[in-house]
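**Q** Below is the structure I would like to discuss, written out as structure tokens.
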Amino acid sequence: MNMLRIENLHAEIDGKEILKGLSLSVKAGEIHAIMGPNGAGKSTLGYVLGGRPGYDVTEGSVTFDGVDLLALEPHERAAAGVFLGFQYPVEIPGVSNVQFLREALNAQRAGRGEAPLSGGEFLKLARAQADALGLDQDMLKRPVNVGFSGGEKKRNEMVQMGIVDPKFAILDETDSGLDIDALRIVGDGINRIMRKPDKAVLLITHYQRLLDYVKPDFVHVLADGRIVRSGGAELALELEREGYAGVAA
Ligand SMILES: Nc1ncnc2c1ncn2[C@@H]1O[C@H](COP(=O)(O)OP(=O)(O)OP(=O)(O)O)[C@@H](O)[C@H]1O
Ligand SMILES: [Mg+2]
């Protein structure tokens, strides 16, 4: 059975149609890379799946584990195991990273009828995840993403993903702005957290380099609001060589 099934999805923002009949199915155990030109609608797809306000779905459907995903509130989607890693992680002044991460985790646990983690249990988990991603422990005490460098924000997103341990992750340009070592660390993190038979990932990226670490089972080209081509890992290499000119029909 498909974990995620998107059928003929049309979505608009401020009356402008961005997704124009997008269909895509993802099974448990699969990693799908989404590539495509700037402005094609990749981040929009992530936002619509995550439930960001302001996007109107005018046609089509999205089911997650057989449930109508679009009927769920954003927090219900998170509790169901959907995680969205942002292209531009937001700063939250006045809220410490640990506070935020603990609230996020415990809210999701509550949504699943699980008991909250105690402060001590949580700190242990957060420290282990920060260590695994090479994020300085002091970062956990600082306000969420405030003054973090571009690469630190991306690592922090991966720490968050490691803590909430989602079933399905949409990672939007998680590789952008990472230095060469961080790219490997983040790639290893994605594999460690998400490369499991009961999980799946949509990996939005512009470059092959992340795919050297996180090997995709499928690569799709999203152009002008729909998937215009799908293939295996070799498609990313072909795109890198030849660009999108011959692809977007
Ligand atoms: N509020 C808005 N009003 C009108 N158009 C918008 C609005 N928000 C986004 N768009 C447009 O939607 C299109 C798709 O944007 P999106 O961010 O999904 O692209 P993308 O594929 O992620 O591009 P990139 O590779 O540059 O990140 C763009 O043309 C963008 O300008
Ligand atoms: Mg984008």
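Throughout, read-outs are computed from the coordinates displayed, never taken from laboratory work. Bear in mind the structure is a predicted one, so any value in this text is a computation, not a measurement. Cβ placement follows ideal geometry from the backbone for every residue including glycine, while neighbour counts extend to all protein chains displayed.
**Q** Which whole-angstrom value gives the distance between the alpha carbon centres of the range 1-39 and the range 94-147?
**A** Here the two parts' Cα centres lie 30 Å apart.
**Q** Cross-chain or 8 or more residues apart, Cα under 24 Å: how many lysine pairs in the range 86-245 fit that? Count them up, please.
**A** Qualifying lysine pairs in the range 86-245: 20.
**Q** Where the Cα atoms of the range 15-139 are projected onto their three principal axes, how long is each span, largest first, in whole Å?
**A** Principal-axis extents of the range 15-139 (Cα, largest first): 47, 33, 32 Å.
**Q** Compute the orientation-averaged projected area for the range 137-249 from the convex hull of its Cα atoms and round it to one decimal in nm².
**A** Numbers: hull surface 32.7 nm².
Its Cα hull, projected and averaged over all orientations, spans 8.2 nm².
**Q** Roughly speaking, what is the stretch gain from Asp198 to Asn2, that is 0.36 nm per residue apart minus the C-alpha to C-alpha distance, in nm to one decimal?
**A** Numbers: separation 196, 0.36 × 196 = 70.56 nm, distance 1.12 nm.
69.4 nm is the gain from fully extending Asp198 to Asn2.
**Q** Using only the Cα atoms of the range 109-194, what do you get for the radius of gyration and for Dmax, in Å?
**A** Using the Cα atoms of the range 109-194, the pair Rg, Dmax is 13.2, 41 Å.
**Q** Right, next: Hull surface divided by four, with the convex hull built on the Cα atoms of the chain: how many nm²?
**A** Its average projected convex-hull area is 13.1 nm².
**Q** Considering only the range 2-247, what is the antiparallel percent among its DSSP beta bridges, to the nearest 5?
**A** On the way: 26 of 43 bridges.
Expressed as a percentage, antiparallel bridges in the range 2-247 total about 60.
**Q** Please determine, in degrees from 0 to 90 and to the nearest 10, the orientation of helix 119-132 with respect to the longest principal axis defined by the Cα atoms of the chain, where the helix direction is its Cα long axis.
**A** 50 degrees
**Q** List the lysines whose alpha-carbon lies under 19 Å from that of Lys20, not counting same-chain residues fewer than 8 positions away?
**A** Qualifying lysines at Cα under 19 Å: Lys42.
**Q** Continuing with the same structure: At 0.36 nm per residue, minus the direct Cα-Cα distance, what do Ala115 and Ala128 gain on full extension? Give it in nm, one decimal, please.
**A** Values: separation 13, 0.36 × 13 = 4.68 nm, distance 2.06 nm.
Full extension from Ala115 to Ala128 adds 2.6 nm.
**Q** In debye, nearest 20, what is the charge dipole magnitude of the chain about its Cα centre with +1 on Lys and Arg Cβ and -1 on Asp and Glu Cβ, if you could check?
**A** Working: 28 positive and 35 negative charges, 98 e Å.
In total the dipole reaches around 460 debye.
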